[in-house]
Amino acid sequence: HLAADEALMQGREYGMVLQQNSYQIVQFNEQSLQWQATDSPAFAHYNLPDSINISLQSEGSKVDLKRLKQTAHQHSQNNSDALKPALLLLSSGEVTPFTLHFTFEDEVNGYRLSSDGLGDIELEQLHD
């Protein structure tokens, strides 16, 4: 939510890089035309504990985070654009429509973060 607000207020394009056990907010550099890490500690790379799993649905389809990581790794060997975001948070206020699940080992309890792409990003606690 903070990154979406920041994109709107600062007029910058942000993205969320996701892996199975980590995430990071990146920004688009208009000079180099590449995604890069930000200086903000709030948007730094964050490793999740092993007991938390991430799953993502974007625009109605499940995203394979393992494959996304492999593609980013292959990309990083070819050029410096290794930080390819799975979700976009645009300065227009739009975001990639998504549902992001952070679940604990039981795969029932956790949190769901979602947006239809036009409205607010919503956070919901999941429990059995």
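The values are calculated or read from the model by the stated rules, or taken from the named source; none is laboratory data. Computed from a predicted model, the values in this text were never measured in an experiment. All Cβ positions, even for glycine, are placed from backbone atoms using ideal geometry, and neighbour counts span all protein chains on display. With ligands, DNA and RNA removed, areas are computed over all heavy atoms of the protein, side chains included. Shrake-Rupley method; radii C 1.70, N 1.55, O 1.52, S 1.80 Å.
Based on what the data block shows, is Gln27 more than 12 Å from Ala86 (Cβ to Cβ) and either in contact with a Phe, Trp or Tyr (Cβ under 9 Å, 6 or more places away or on another chain) or touching a residue at least 24 places away in the same chain (Cβ under 8 Å) (or both)? I'd like the intermediate steps shown before the answer.
Working: more than 12 Å from Ala86 (Cβ to Cβ): yes; either in contact with a Phe, Trp or Tyr (Cβ under 9 Å, 6 or more places away or on another chain) or touching a residue at least 24 places away in the same chain (Cβ under 8 Å) (or both): yes.
Spelling it out, Gln27 is indeed more than 12 Å from Ala86 (Cβ to Cβ) and either in contact with a Phe, Trp or Tyr (Cβ under 9 Å, 6 or more places away or on another chain) or touching a residue at least 24 places away in the same chain (Cβ under 8 Å) (or both).
Residue by residue through the range 92-128, note down the ones that are among the polar types (S, T, N, Q) and open to solvent by less than 90 Å² (accessible area, probe 1.4 Å).
If the condition is that a residue be among the polar types (S, T, N, Q) and open to solvent by less than 90 Å² (accessible area, probe 1.4 Å), then Ser92, Thr96, Thr99, Thr103, Asn109, Ser114, Ser115 are the ones that fit.
Any idea which residue in the range 48-62 is modelled with the lowest pLDDT, counting only those that are farther than 17 Å from Phe98 by Cβ and open to solvent by 60 Å² or more (accessible area, probe 1.4 Å)?
Within the range 48-62, the match that is modelled with the lowest pLDDT is Asp50.
Here are some conditions: (1) in contact with a helix residue (DSSP H, G or I) (Cβ under 9 Å, 6 or more places away or on another chain); (2) surrounded by 14 or more Cβ atoms within 10 Å (Cβ to Cβ); (3) not basic (Lys, Arg). Gln34 meets all but one. Which one does it not meet?
Failing condition for Gln34: (1).
Only one of Leu8, Leu18, Leu33 is among the hydrophobic types (A, V, I, L, M, F, W, C) and without any contact (Cβ under 8 Å) to a residue 60 or more places away in the chain; which?
Working: Leu8 fails: without any contact (Cβ under 8 Å) to a residue 60 or more places away in the chain; Leu18 fails: without any contact (Cβ under 8 Å) to a residue 60 or more places away in the chain.
Every option except Leu33 fails the conditions.
Output the number of the condition that Gln125 fails; it satisfies all remaining conditions of (1) at pLDDT 90 or above; (2) in contact with a strand residue (DSSP E or B) (Cβ under 9 Å, 6 or more places away or on another chain); (3) polar (S, T, N, Q); (4) within 24 Å of Ala7 (Cβ to Cβ).
All conditions pass for Gln125, except number (4).
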